[in-house]
Structure formats: C-alpha cells, structure tokens
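Colleague: Could you have a look at this structure, given as structure tokens, before my questions?
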Amino acid sequence: MQYVYSRTEGGCTLFENRVYHFLMDKTTPTEVSFHFPIPPKVTYINISAAFHRFSIMPRAFQFGTPNILQTLDISYMGFSSCQAPFLGLTSLKSFDLSGNDCYNISESFLDQCTALRHLRMSSLHVNPEFFRTRAWRLFRNLQLLQTLDLSLNNLIHVDPHMLRAQRHLKELNLAGNRLQSLSVDLESHQDLVLLDLSHNMLPTLLPNERQALDTLAATHNLSLRLRGNPLLCACSNLDFVRWLWSTAVQLDGNGSSASNYTCVTETGEVSNTHSVMAHYDTHWRRCVGQTMLGVASAAFLLQLLVLVIVYVVSRSWTHLRYVWKVMKRLRLPRREHFRRDAYVGYADADWEFACMTLTTCLEERHGVRLLLRDREELPGSIRAESILEHIDDSWKVLLLVTHDFAMDEWLCGFTVQQAQRSITDTMPDRVIVVFLEDPARLPPMASLERLLRMVPERNVLHVHRDTPPHHAVWDSLAEHVLGENHPP
C-alpha cells in the first residue's frame with residue numbers, strides 16, 4: 001500500500017516541493033511497520049494535518065538511516081493511539097505531536113529520540129492519571145530537552161518530579177489545563193526561563209513556591225504567566241498579592257502593569273490586584289482587625305473568668321478546701337493503694353489451714369499477698385489494734401468461718417464487726433466469706449448474720465479443708481481477692 005502527500009505553493013513545502021512516498025510493509029494491520037526512506041540531506045519534515053483520521057496504527061514508525069532529520073511536525077494527523085515508537089530519529093531535535101489522540105500513550109514512545117531539544121505535546125487528550133503517576137518514564141531518556149509544551153491536556157494533578165531527568169529545561173508550557181498548584185520542582189530546573197501557567201485553576205501561589213521562583217529570578221530572567229487563573233485577593237493570601245508587586249519575576253498581568261491580575265475577594269466581588277495594592281493598608285487592617293477582635297474578645301472573657309474565680313475562691317476558701325478533700329476521699333480506691341491484697345481472719349485452731357494451705361494455693365500459685373496474724377504480728381501486740389490496722393492495710397478481708405471461729409465470741413464478734421465497718425459505697429465487695437464447714441452445723445452468730453446481709457452472694461464461697469491445690473475453687477477465690485470492687 002502506498003500513501004502520497006504533497007504541498008502546494010501556497011502552503012509549506014515538503015522536500016523542496018517534490019512528492020514524497022510513504023511505504024507500508026507487511027500484510028496484516030497488527031504487524032505492519034511504516035518505513036520512511038529519508039534523503040540524507042533532509043533536516044525538516046512537516047506533514048501537519050495531512051490526514052483527518054489515521055486509523056491504521058503500525059507497530060512502529062521506522063525512519064531510514066542514516067539521516068540528519070532535525071525537525072518533525074506530525075501535529076493534527078488524526079492519530080488514534082500513541083503506542084508505536086519512532087525509530088531511527090537519533091538526530092531529531094524538534095518534534096511536534098500536538099493535536100493527536102494519545103489517550104493511550106506508551107511509556108517507551110519517545111525512548112529513541114534521545115537528542116530532542118524541543119517537544120510539543122499540546123492537546124493530546126492523554127489520560128490525566130498518566131501524568132500523575134507514569135509520565136516520568138515517558139521523558140526519562142530526553143535528558144537534553146529544553147522546551148516542553150503540555151498545554152491543553154486537561155491536567156488536574158502532575159507529578160512534581162515528572163521532569164526529574166530534564167536538568168537543562170528552559171521553557172515549560174502548562175497553559176490551558178486545570179492545575180490548582182504549581183506542580184513543578186523548580187529546584188531541579190535551575191535553567192528555567194519561562195513557566196506558562198496561564199488559564200489554569202490556580203487560586204494563589206504558596207510561600208515555598210514563591211520563594212523558589214524568587215531564587216531562580218535572582219540568577220537570571222524568569223518569566224511567569226498567570227493570566228486567566230481564578231486568583232484570590234482575600235485575607236488568606238494578601239501576602240501573595242504583595243509578592244506580585246515586589247518580585248523580580250517577569251509577569252504577564254493586565255493593562256500597563258505586569259503585576260495586575262483579575263482576582264476575587266472573600267465576598268465574591270471581582271476586583272484586581274492593582275486595586276488591592278492601592279488600598280493595601282485598608283485591606284490589611286480589615287483582615288487583621290477581624291482576627292484581633294476575636295483574640296481581644298477571648299482575652300477579655302478569660303480575664304473576666306479569672307476575676308470571677310478569684311472572687312469565688314477568696315470568699316469560699318474554707319468551703320472549697322473541704323469539698324476538695326471530700327472529693328479526694330470519694331475517689332475509688334485501687335488494689336495498688338494497699339499494702340496487702342487480703343487480711344485473713346481465722347480462729348486460732350485454724351492456723352494450719354490459713355498459714356499452710358492458703359499460702360500454697362493463693363500466694364505461691366496466684367501471687368496473692370496475704371496478711372496472716374500468726375506471721376505478721378509481733379509478740380505482745382494488742383489484738384484489737386492489730387485487727388484494725390490489718391484491715392485498713394488490706395484490699396480485701398477474707399473470713400474463714402468454722403465451728404471454732406463461731407465459738408470464739410470475742411474474736412468472731414470483733415473481727416466480723418470491723419469487717420462490716422470496712423464495707424463502703426466505694427468498696428462494696430471488700431469482704432469475702434469462706435465457709436470451711438457446712439453452715440447448717442454452725443452455731444448461730446448474730447454478728448455474722450448481719451454481715452451476710454451486706455455481703456453479695458457472689459462473695460460467699462464454700463471450700464473443703466482437703467481441697468487439692470489445683471482445684472478450680474482456688475482460682476475462683478484468687479479472682480475474688482484480686483478483682484476490682486463494683487460500686488452499685
């Protein structure tokens with residue numbers, strides 16, 4: 001198949017007005033390659049808009065070698081895809097691909113064009129996600145690139161490091177997109193002289209972006225185009241408006257002043273930066289005044305609150321101190337606040353069970369800190385004082401109820417009475433009653449009956465003297481001793 005295209009005298013010439021042939025090899029559309037035998041002295045080819053629709057896309061565009069082609073313009077050729085690479089263009093310096101449909105563009109599309117200096121990719125309909133995530137791969141081999149045109153591509157976000165390999169970039173055109181931020185790593189492009197951001201969606205330039213622009217402008221002339229952006233001249237970016245009038249960057253504002261741009265105030269009124277700067281002090285006082293009014297109002301209310309607190313405290317100091325102590329007293333006690341986990345009340349005849357069995361089953365196996373009078377009390381100590389002190393020092397009170405305990409009226413009555421006294425609203429589970437014998441066979445004890453009315457049923461356990469150490473009842477007893485109190 002043979003395609004022939006020529007120019008008339010009224011248009012651009014192609015190869016000195018001679019008809020040039022493009023040959024297509026192979027037999028099946030999926031495997032075809034376009035071969036372009038180029039005369040050795042040709043340096044410029046312009047076939048812009050030669051076709052309305054270039055629907056058959058080849059596997060590759062192969063240009064004849066050796067050649068010295070330096071400029072290739074295939075803009076508005078009606079390409080339906082940009083997957084086929086351009087081969088044999090090792091000397092190409094200027095490439096215009098604008099106006100084609102490159103929504104699906106290959107990351108290796110330009111890998112062979114390593115000598116490119118100027119690249120136009122305007123209005124390519126590229127997938128915006130491509131420029132946000134994978135465009136750096138497309139430009140990776142174009143390290144000599146100086147001019148790049150990405151205008152009219154509907155870009156919303158651009159990878160700031162997309163052009164990380166283009167250290168000699170001088171002109172970057174991002175006009176006619178939908179960018180809301182600068183999206184360019186200016187520190188990597190110290191030779192940049194023109195940055196076109198016109199007709200985007202930029203409301204302002206951030207302080208770090210302005211600083212980077214000023215740094216470049218301090219070394220050489222830098223032009224920045226911002227016309228056509230919905231700039232704001234509100235209180236939040238008055239510093240940006242002031243920067244427009246103080247920067248050394250060459251701007252493209254409206255009218256006689258290059259720093260004059262149309263902008264919108266915080267009330268939605270259309271204004272311009274020239275008007276804002278002409279009344280800058282007025283705008284600044286209004287903006288700062290709103291903030292200072294809020295600060296002053298808050299400071300006044302705080303001062304008033306402090307005066308009220310000082311007055312109330314001075315008039316009711318004694319009462320407040322009393323309330324504070326009551327509140328401290330009402331704080332829920334915790335196990336770590338006590339020296340021991342449980343005080344064990346038992347009859348003298350039951351010392352072996354208390355000092356041997358409980359020590360083995362609770363202290364050694366479960367880490368319960370028991371307070372046993374036969375182990376703790378010094379000889380000659382007063383029994384009543386010791387009981388009071390031991391109960392106050394213990395997280396729980398564990399009563400071992402047996403026939404001997406019930407028959408010792410003084411010990412039973414006094415110990416049970418003090419255990420009953422230790423039950424409070426904040427510690428309702430403090431007393432644990434353990435029956436070592438059948439309660440039905442025990443003599444009646446009035447003090448114990450009163451205590452059992454106050455002790456919840458879950459804190460009444462029945463344990464046989466001969467219960468083995470690994471029985472589940474010891475686990476349950478340890479849980480009761482170490483567990484938290486549950487206020488009603």
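The values are calculated or read from the model by the stated rules, or taken from the named source; none is laboratory data. Only a predicted model underlies this, so the values are computations on that prediction, with no experimental measurement involved. In this analysis, Cβ positions are derived from the backbone assuming ideal geometry, glycine residues included, and neighbour counts consider all displayed protein chains.
Colleague: How many of the residues in the range 265-281 are among the acidic types (D, E) and not in a loop (DSSP other than H, G, I, E, B)?
Modeller: 1
Colleague: Here's a follow-up. Among F405, F353, which is the only one that is part of a helix (DSSP H, G or I) and either on the phi > 0 side of the Ramachandran plot or in contact with a Cys (Cβ under 9 Å, 6 or more places away or on another chain) (or both)?
Modeller: Of F405, F353, the one residue that is part of a helix (DSSP H, G or I) and either on the phi > 0 side of the Ramachandran plot or in contact with a Cys (Cβ under 9 Å, 6 or more places away or on another chain) (or both) is F405.
Here is a yes/no grid of residues against (1) buried (at least 19 other Cβ atoms within 10 Å of the Cβ); (2) at negative phi; (3) in contact (Cβ under 8 Å) with a residue 24 or more places away in the chain; (4) not in a loop (DSSP other than H, G, I, E, B):
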site	(1), (2), (3), (4)
R132	no, yes, yes, yes
R140	no, yes, yes, no
L163	yes, yes, yes, no
Q166	yes, yes, yes, no
L172	yes, yes, yes, yes
L182	yes, yes, yes, no
L192	yes, yes, yes, no
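Colleague: Same structure, new question: Any residue in the range 241-252 that is of a type in the set (S, T, Y), touching a Cys at 6+ places or on another chain (Cβ under 9 Å) and over 21 Å from L179 (Cβ atoms)?
Modeller: Checked the range 241-252: no residue is of a type in the set (S, T, Y), touching a Cys at 6+ places or on another chain (Cβ under 9 Å) and over 21 Å from L179 (Cβ atoms).
Colleague: In the range 194-211, how many residues are surrounded by 15 or more Cβ atoms within 10 Å (Cβ to Cβ), in a helix (DSSP H, G or I) and of a type outside the set (K, R)?
Modeller: 1
Residue by residue, here is whether (1) at pLDDT below 90; (2) assigned to a helix (DSSP H, G or I); (3) surrounded by fewer than 18 Cβ atoms within 10 Å (Cβ to Cβ); (4) not small (G, A, S) holds:
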position: L224; (1), (2), (3), (4): no, no, no, yes
position: N237; (1), (2), (3), (4): yes, yes, no, yes
position: N254; (1), (2), (3), (4): yes, no, yes, yes
position: S259; (1), (2), (3), (4): yes, no, no, no
position: C263; (1), (2), (3), (4): no, no, no, yes
position: H283; (1), (2), (3), (4): yes, yes, no, yes
position: V288; (1), (2), (3), (4): yes, yes, yes, yes
position: T291; (1), (2), (3), (4): yes, yes, yes, yes
position: G294; (1), (2), (3), (4): yes, yes, yes, no
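Colleague: Quickly run through the range 472-481 and pick out the residues that are surrounded by 14 or more Cβ atoms within 10 Å (Cβ to Cβ) and either in a strand (DSSP E or B) or without any contact (Cβ under 8 Å) to a residue 60 or more places away in the chain (or both).
Modeller: V473
Conditions (1) in contact with a helix residue (DSSP H, G or I) (Cβ under 6 Å, 6 or more places away or on another chain); (2) free of Cβ contacts under 8 Å to residues at least 12 places away in the same chain, marked per residue:
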position	(1), (2)
N260	yes, no
M277	yes, no
T282	no, yes
R286	no, no
S297	no, yes
L307	no, yes
Y311	no, yes
S314	no, yes
A342	yes, no
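Colleague: Using the structure shown, decide if D214 is farther than 20 Å from A175 by Cα, surrounded by fewer than 10 Cβ atoms within 10 Å (Cβ to Cβ) and either out of contact with any helix residue (DSSP H, G or I) (no Cβ under 8 Å at 6 or more places or on another chain) or in contact (Cβ under 8 Å) with a residue 40 or more places away in the chain (or both).
Modeller: no
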